[in-house]
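The values are calculated or read from the model by the stated rules, or taken from the named source; none is laboratory data. Given the structure is predicted, the values throughout are model-derived calculations rather than measurements. Neighbour counts run over all protein chains shown; Cβ positions are idealised from the backbone, glycine included.
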Amino acid sequence: MENVKEVKKMRELLEKYLKARGISVVEFAQEAEVSKTTIYDLLKGEKDATKIYANQAIKIAKAMNISVEELYGRKLPEPTPERKQESLTSDERVLLDVWRCATDAARESAMMVLRCNPAPVVKKETAM
């Protein structure tokens, strides 16, 4: 059911975007640097929006000047207050520094991987 909503949301967004800009699918595909077949299939609902490659989703979202989450019609989580730097472990600080240095495309790719792969459940006795 979730996939159907995402496909519909993406199709609606693409249709509105193309109409608002007054451009063709071919022109948009060239701007987004994806195949026109991909865009046509998304518009016709023949391509499952959750099955397109991460780099395609990133390119489409970037061409539309929106986030990948918005492209899929997902609401962004409410921002949470940041923890103080002192409360981070050394591994968390390294990860945060790497994240800050990453490009937008790298961050989007990482987020898509994280969303598609649920966090493993770690039992307390195996974590120690």
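In table form, for the structure just shown:
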item: Subset tally (residues that are part of a helix (DSSP H, G or I) and under 18 Å from the mean Cα position of the chain (by Cα)) for the stretch 44-66; result: 14
item: Qualifying residue in the stretch 63-74 (condition: at pLDDT 80 or above, surrounded by 10 or more Cβ atoms within 10 Å (Cβ to Cβ) and of a type in the set (V, I, T)); result: yes
item: Output for the stretch 19-40, where each listed residue is surrounded by fewer than 18 Cβ atoms within 10 Å (Cβ to Cβ), touching a residue at least 12 places away in the same chain (Cβ under 8 Å) and part of a helix (DSSP H, G or I); result: V25, E31, Y40
item: Residues satisfying the stated conditions in the stretch 90-128, i.e. part of a loop (DSSP other than H, G, I, E, B) and modelled with pLDDT under 75; result: N117, P118, A119, P120, V121, V122, K123, M128
